[in-house]
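Structure, as structure tokens:
The values are calculated or read from the model by the stated rules, or taken from the named source; none is laboratory data. Because the structure is a prediction, the values reported are computed rather than measured. Neighbour counts are summed over all protein chains in view; Cβ atoms, including those assigned to glycine, are modelled from backbone coordinates with ideal geometry.
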Amino acid sequence: MRLTDGERAMLDGADGEAVAAAMDLLVRYGEVLGAERLVDTDNVCGANLFGSRHSLVCGSPTPDAAFSEHSLDAPRVLTIPPVRAQSYQLIGPMDTKHWQVQGLPQAEHDEIVASEKYSADHGIHLMNTCTPYQVGNVPVRGEHCAWMESSAVVYVNSVLGARTNVEGRESTGAAMLTGKIPYWGLHLEENRHGTHLVEVTTPVQSNRDWGLLGYWIGEQVQEEGIPVLDGITTTPDLVRLKHFGAAAASSGGVELYHVPGITAEARSVEEAFAGAAPRVRLRYGPDERRAAYERLNGTATDTSVDLVMIGCPHATLGQIRDVVRLLEGRRVHPDSELWVFTPRALRHIAEQNGYAQALEDAGAVLMSDTCPAIGQFLPKGTRVIATDSAKQVHYLPAIMNVQGWFGTLAECVDAAVTGTWQGVQP
Ligand code: F3S
């Protein structure tokens, strides 16, 4: 790999041992990937919160040890300096307010709080969400980033036209300290052109429709392509594109897609393919939508719902308001729970707006900073969940051994109020 003089100096230890280790990791990583050089980045989103479960697994006795081992893959404990790049903490394992609802022991709470302080002291912004783009980190078109979290990566690549691969804890940790990331994959213009043309012949309007379409496309494309959607007749908003991308990144490994005329990099189908012919042509109609719906509801048979989960990816204020309005005059069933997840910053606004209180009054909980899949927690005895998120219903049954229903937000809120799933196939 070609290094600049400044990069070479970092590698040789001019900025200290930890920066040298970070640069060494990036060079090794980049060489495996075939990257010829590094690229500057000042926008890094990673995961650097460690609780007792993390320390237990890897036996890291101090925060420096945890960062050295988990985030730098270093062979020994280094003294970690403040980060160089603008760096952001993604979603983590704990809601600092409702950690007891999660069932976390005090000791784990204390460790995660200490870990947060360590991150803050090192200059890592505590966004604590899988949707940094909802709370102020909105990279511009062409900006080189280093982000983890597949649903966030596909959003910023596609909707905003920023450039990032799906990075890992180690590469983002190293990028935070150096402001560098290997220049390969989706950082390169030639790797951002469409490969699969998807002709959409059935209306795609609601959040559920976009989740179904994303889930079906991810299954078709897997990790090997960049879908281009033709036939979209309405303009989706942030929530719909968020659901779409998260679903496509779950059933497949979609990191970038184009909706000509809507997403950042293609005004037309021809432009999305840079003049080349599509490698694969697909058609999405009513049969394909039905198949995706059946697959997403394939784990569930029991209609008694123990938990309704809203906010995967983390909910906007608008989604929280919609839940509040759907609950108006009703209460969550005594045998069910309704948990809504949002970024920490949006929960603060939701509290100011009275939404958090309204949810609490109806027996629901507004949580932030985490989610059941990342934190691996559910109400005790949960056997059946329901959600409006294709991504969450894809993962939770597999991770937590529960049944999962997928439907609209209204169906989910009804399930929370009645304790019974009554969703209808579109
Ligand atoms: Fe975010 Fe958790 Fe869903 S990380 S995208 S809420 S699975």
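Tell me, please, whether a residue that is within 16 Å of the ligand (Cβ to nearest atom) and surrounded by 24 or more Cβ atoms within 10 Å (Cβ to Cβ) can be found in the range 395-403.
yes
Do any helices (runs of 4 or more DSSP H) entirely within the range 90-177 hold 3 or more residues that are of a type in the set (A, V, I, L, M, F, W, C) and assigned by TED's automatic domain parsing to the domain that holds residue 62, and if so, which? Give the derivation first.
Numbers: elements: 99-102, 106-121, 150-155.
Where helices (runs of 4 or more DSSP H) fall fully within the range 90-177 and carry at least 3 residues being of a type in the set (A, V, I, L, M, F, W, C) and assigned by TED's automatic domain parsing to the domain that holds residue 62, they are 106-121, 150-155.
Tell me whether the range 310-332 contains one or more residues that are in a strand (DSSP E or B) and either surrounded by 24 or more Cβ atoms within 10 Å (Cβ to Cβ) or free of Cβ contacts under 8 Å to residues at least 60 places away in the same chain (or both).
If we filter the range 310-332 for residues that are in a strand (DSSP E or B), which is where we start, we get 310.
Still in the running and either surrounded by 24 or more Cβ atoms within 10 Å (Cβ to Cβ) or free of Cβ contacts under 8 Å to residues at least 60 places away in the same chain (or both): 310.
Yes - at least one qualifying residue is present in the range 310-332.
Can you tell me which of 315, 248, 264, 276 is more than 16 Å from the ligand (Cβ to nearest atom) and in contact with a helix residue (DSSP H, G or I) (Cβ under 8 Å, 6 or more places away or on another chain)?
On the way: 315 fails: more than 16 Å from the ligand (Cβ to nearest atom); 248 fails: more than 16 Å from the ligand (Cβ to nearest atom); 276 fails: in contact with a helix residue (DSSP H, G or I) (Cβ under 8 Å, 6 or more places away or on another chain).
Sole residue among the options that is more than 16 Å from the ligand (Cβ to nearest atom) and in contact with a helix residue (DSSP H, G or I) (Cβ under 8 Å, 6 or more places away or on another chain): 264.
Of all residues in the range 178-218, how many are assigned to a loop (DSSP other than H, G, I, E, B) and at positive phi?
Taking the range 178-218 first, the residues assigned to a loop (DSSP other than H, G, I, E, B) are 179, 183-184, 188, 192-195, 201-206.
If we keep only those that are at positive phi as well, we get 179.
The number of residues fulfilling the criteria is 1.
Quickly run through the range 333-372 and pick out the residues that are closer than 19 Å to residue 415 by Cβ and either within 11 Å of the ligand (Cβ to nearest atom) or part of a strand (DSSP E or B) (or both).
337, 338, 339, 340, 341, 365, 366, 367, 371, 372
Which one is farthest from the ligand (Cβ to nearest atom), of the residues in the range 373-394 that are under 14 Å from residue 310 (Cα atoms) and among the aliphatic types (A, V, I, L, M)?
386
How many of the residues in the range 23-42 are in contact with a helix residue (DSSP H, G or I) (Cβ under 7 Å, 6 or more places away or on another chain), assigned to a helix (DSSP H, G or I) and closer than 22 Å to residue 162 by Cβ?
Matching residues across the range 23-42 total 2.
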